[in-house]
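Below is one structure, written out as structure tokens, with a few remarks after it.
Where a number appears in this text, it was derived from the coordinates with a stated rule and is not lab data. The structure presented is a predicted model; accordingly, all values stated were derived computationally and were not measured. We place every Cβ from the backbone using ideal geometry, glycine too, and count neighbours over all the protein chains shown.
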Amino acid sequence: MNLVLELDNVHYTYAETGQVVLRGVSLQLHAGQRVALIGRNGSGKSTLLLHCNGILRPQQGQIRVHGQVMSYTGPDIRLWRRQVGVIFQHADDQLFSANVAQDISFGLLNLGWTAATARTRVAEVAAQCGVTHLLDRPTHALSGGEKARVALAGVLAMEPAVLIGDECLAALDPWMRQQLLGLFTDLATQGISILLATHDLHLAQTWAQRVVVLEQGTVVADLAAAQLFRDPRWLARTQLDQVLSLDAP
Amino acid sequence: MALLERYAYASRLRAIDPLQKLGLSGTVLILCLTSPHPAVGGGAFLWMIGLLISIAGVPLRVVVRLLIAQGLFLGLAVIGVAFSVSTSAPPAPFRSVALGPFWISTSPAALAQTLLLLSRAGGSVSALSFLTLTTPMVDLFDGLRRLRVPVLLLDVMQTMYRFIFLLLDTMERMVIAQQSRLGYATWRTSMRSSGIVASRVWLDAYQRSRRMQQALDSRGYAGELRVLPSTYHHSRNLYLLHGGMTLSLLAVWWWQ
Ligand SMILES: Nc1ncnc2c1ncn2[C@@H]1O[C@H](COP(=O)(O)OP(=O)(O)OP(=O)(O)O)[C@@H](O)[C@H]1O
Ligand SMILES: [Mg+2]
């Protein structure tokens, strides 16, 4: 399969606290794959995702997009961010614009699209994310789930090859979540790779093809969802048995 | 949502080009500030209130309340112009009343000045109210962008506008969280709690601005917050009213 995004032995320490958060993480993402990233609070999921489009720079290790080592400046970084779209954990951090349609259009205009094509694309993703009726609203007058959907639309609009979501479905109602998971599956069939950090084990079990488990900054499991959730040895190793035993048949 | 903005979004003039509305209130503003006749300011005031209620469909109640609030400020400000205080009775054109050891006096000239000031300020304030009650900030930013106001200035304005709501939101959540743990039960704890909020809000804003920067970078931010301009239409009726109003105010000026 076509390798799209590769993290190779990534190490990261936050300078402010000196805390080592990632200790040699390696991860490979192929075209059209649906991957769930799970792990305890503070295990380093958000930090890892910020490396995927060059927001954070590893102190050691390498990140490759389509086999190319990306540089952190100039046209390289622009190309990188165009190909890897990241939806942030808190939608409020992402919405800067005074109204919804304008916020969604931001990335497109940065890519150099004309106003007319951008307008069409905004309408299209708004429909996919169920925010058409909100296009005219100020961003501060939205519910949490609505904000999350607008944030998603803003990233999706840019047609990334890799879509990365940091708990981007957590605030959504079950119906909307179902609809968006369906959308993600469709996108994956079109060849877009999707990596979702989540605390939702049901999602990891049913929607993802592959699950990556992060523990204190290292990958302790990276395998097919079916295998991870069935094999008692893997369950024990990732301590998932402690949380799954309750609803075992 | 901010109170006034809510009416701007609901206004019947919402979809009209912000530049047209800006032009209308600009005309009124210039006429009020340049005319030496109080009647022009007064006329402008009546026109603006009339347009707000009949054309824009802003509820009378809202307009009246806004005017009372603005009127209070204005009233306080002009008292000093209309009246003067001295320890002896001033001569002829002044009329005075004694109040204990002081004389409070006024003159026809001072009253005329006050009237002019009131009419100018009243007319200008009503013109600005017309703009704020019919045009949301987003549209205004749009309009200013088309007027080629420097991009940097607009970006700063827009980000500040967004952050005002984020800060208010954060503050509200913090205060509610404190209240639910009895943070405001006594005067002492209230002082302590509000102190904590005051300092935390800024730290929070700082962290948040850093995360917002990361999110902007993720979507290819290159030094300018470019977004799609909204589409508006121009209203012929409003242009006609605009013309009629300008002519009538000029006529008032002329005949004075
Ligand atoms: N800006 C920062 N400065 C310093 N330390 C940080 C910063 N952000 C996160 N950390 C620390 O890094 C560790 C990993 O944080 P991260 O946000 O990546 O965890 P996470 O897996 O996303 O957790 P969660 O499930 O709660 O979202 C945590 O211990 C956290 O305290
Ligand atoms: Mg996180």
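On the beta carbon distance between B:Ala112 and B:His233, with R0 = 45 Å, the FRET formula returns roughly 0.55.
Only Cα sites of the stretch B:150-218 enter the Debye sum here, all with the same form factor; the resulting log10 I(q)/I(0) across q = 0.19 1/Å is -0.79, listed in q order. Near B:Trp202: Cβ cut-off under 14 Å, other residues only, Lys/Arg at +1 and Asp/Glu at -1. The net charge is +2. Couplings 3J(HN,Hα) for the stretch A:11-26, derived from phi with the Karplus relation 6.51 cos²θ - 1.76 cosθ + 1.60 (θ = phi - 60°), are 10, 8, 10, 6, 5, 4, 10, x, 7, 7, 9, 10, 10, x, 8, 10 Hz, where x marks Gly and Pro. Note that the stretch B:241-251 has calculated 3J(HN,Hα) couplings of 4, 4, x, x, 4, 4, 4, 5, 5, 5, 4 Hz, one per residue in order, obtained from phi through the Karplus relation 6.51 cos²θ - 1.76 cosθ + 1.60 (θ = phi - 60°); glycine and proline are x. Placing R0 at 56 angstrom, the Cβ-Cβ distance between A:Glu124 and B:Val64 gives a FRET efficiency of 0.80 after rounding to 0.05. Take the Cα of B:Thr87, go 7 Å toward its beta carbon, and the backbone nitrogen atoms of the stretch B:101-116 under 14 Å from that spot belong to B:101-103. Dividing the summed -39500 (n - 2.57) terms of all DSSP H runs of n ≥ 4 by the residue count of the protein assembly as shown sets its mean residue ellipticity at 222 nm at -18000 deg cm²/dmol. Placing a pseudo-label 7 Å from each Cα along the Cα-to-Cβ vector at A:Gln62 and B:Ile53 gives an inter-label distance of 7.5 nm. Spin-label model, A:Gln178 to B:Val156: label points 7 Å out along the Cα-to-beta-carbon direction sit 5.1 nm apart. Across the stretch A:125-138, computed HN-Hα scalar couplings (Karplus, 6.51 cos²θ - 1.76 cosθ + 1.60, θ = phi - 60°) run 5, 4, 5, 4, 9, x, 10, 4, 6, 9, 3, 8, 7, x Hz from first to last residue, x flagging Gly and Pro.
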